[in-house]
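Reviewing the structure listed below.
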Amino acid sequence: QVQLVESGGGLVQPGESLRLSCATSGSVLMNYNMGWYRQAPGKQRELVARFLSSGRINYGDSVKERVTISSDVAKNTVYLQMSSLKPEDTAVYYCRRYSFNYWGQGTQVTVSS
């Protein structure tokens, strides 16, 4: 059974950094395309970052240059490093495995002073 479990969210002040983790089980991470999405209240879910098994990486326009997606294959974990956080980054962040469209339960990130 495939499971994606996000962690690392929380309340931070504007300008601070945060690293989210997505621990995967039931599949070998390196074989799949993985991504991070986010959804703010009243808004559609949007792409934050994703990487393909080919090595290609894409970032969402709203977070480009402020986030980095990476993975630790040995730990079957995907990371999202975010810096210079803004109040508009407040959202629930989700991890996604594209094959068969698996999603995690999400982790809340709140950026507020």
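Readers should treat all values here as calculations from the given coordinates under stated rules, not as data from a laboratory. Not measured: the values here are computed from a predicted model. Because the Cβ atoms are built from the backbone with ideal geometry, glycine has one as well, and the counts that use them run over all protein chains shown.
The table below gives the values:
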quantity	calculated
Gap separating the Cα centres of region 1-40 and region 91-105, nearest whole Å	8 Å
P(r), alpha carbons of region 1-88 - 10 Å bins starting at zero, rounded %	16, 49, 30, 5
Extension gain, GLN44 back to SER113 (0.36 nm per residue minus Cα-Cα distance, nm)	22.4 nm
Order by protection proxy (mean Cβ within 10 Å, highest first), peptides 91-99, 1-9	91-99, 1-9
